[in-house]
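Following: one structure in structure tokens, then a few remarks.
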Amino acid sequence: MKKKWSMWDTLMMTSQYPMKRKDGIYLYEPEDYVSCLLCYRKGQLVGTLNHYNIDIPEFREKKGNVFIVVKPLYQGKGIATKLLEMGIEKFNINLDNQTYTKDGKLFLKKFKK
């Protein structure tokens, strides 16, 4: 049977993130244009929040945009919620100035409750 490909798989193929670390959420700033919050469980990277510090037209990202991805096995366990809460505090994220996927819209609706 063919494996269903996820955004997580795509992100991990091109990722430059540290893949192993003690459990927790860490700030990672690999380049001037992006700041990341990385979430680790059982020593493995399971969630990311990328915050764009400048406009990046080739990626259709604007300054202040965020991109959250959680490994499928860890979805529904509060990781995206914690990443977004920390991101709002750290980066002063404006939720009204974001573009959302279908899943992102559902997540935000639950998040705002």
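The values are calculated or read from the model by the stated rules, or taken from the named source; none is laboratory data. The model shown is predicted, which means the values in this text are computed figures rather than measured ones. Note that each Cβ is placed from the backbone with ideal geometry, even for glycine, and that neighbours are counted across all protein chains shown.
Would it be correct to say that residue 46 is among the hydrophobic types (A, V, I, L, M, F, W, C), more than 22 Å from residue 112 (Cα to Cα), at pLDDT 90 or above and buried (at least 17 other Cβ atoms within 10 Å of the Cβ)? Lay out the reasoning, then the answer.
Working: among the hydrophobic types (A, V, I, L, M, F, W, C): yes; more than 22 Å from residue 112 (Cα to Cα): yes; at pLDDT 90 or above: yes; buried (at least 17 other Cβ atoms within 10 Å of the Cβ): yes.
Spelling it out, residue 46 is indeed among the hydrophobic types (A, V, I, L, M, F, W, C), more than 22 Å from residue 112 (Cα to Cα), at pLDDT 90 or above and buried (at least 17 other Cβ atoms within 10 Å of the Cβ).
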**Fill in**
Restricting attention to region 56-113, the residues that are closer than 18 Å to residue 36 by Cβ and among the charged types (D, E, K, R) number exactly 8
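Do you know which residues across region 40-66 are under 21 Å from residue 92 (Cα atoms) and out of contact with any Phe, Trp or Tyr (no Cβ under 8 Å at 6 or more places or on another chain)?
Kept after step one, since they are under 21 Å from residue 92 (Cα atoms), are these residues of region 40-66: 47-56, 60-66.
Correct list: 55, 60.
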**Request:** Could you please tell me which pairs satisfy a Cβ distance under 8 Å, a separation of 6+ or placement on different chains, a first residue in region 102-113 that is closer than 16 Å to residue 83 by Cα, and a second residue that is part of a loop (DSSP other than H, G, I, E, B)?
**Result:** 104/98; 108/100
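Of all the residues that make up region 72-89, how many are part of a helix (DSSP H, G or I) and under 14 Å from the mean Cα position of the chain (by Cα)? I'd like the intermediate steps shown before the answer.
Applying the first criterion (part of a helix (DSSP H, G or I)) to region 72-89 yields 72-74, 79-89.
Imposing the further condition that a residue be under 14 Å from the mean Cα position of the chain (by Cα) reduces the set to 72, 74, 79-88.
Result for region 72-89: 12.
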**Request:** Would you please name the residue that is surrounded by the fewest Cβ atoms within 10 Å (Cβ to Cβ), looking only at residues in region 62-83 that are basic (Lys, Arg) and more than 20 Å from residue 98 (Cα to Cα)?
**Result:** 77
**Odd one out for residue 67, checked against (1) at pLDDT below 90; (2) assigned to a loop (DSSP other than H, G, I, E, B); (3) in contact with an Asp or Glu (Cβ under 8 Å, 6 or more places away or on another chain)** = (2)
**Request:** Could you please let me know if residue 4 is of a type in the set (D, E, K, R), assigned to a loop (DSSP other than H, G, I, E, B) and either in contact with a helix residue (DSSP H, G or I) (Cβ under 6 Å, 6 or more places away or on another chain) or at pLDDT below 80 (or both)?
**Result:** yes
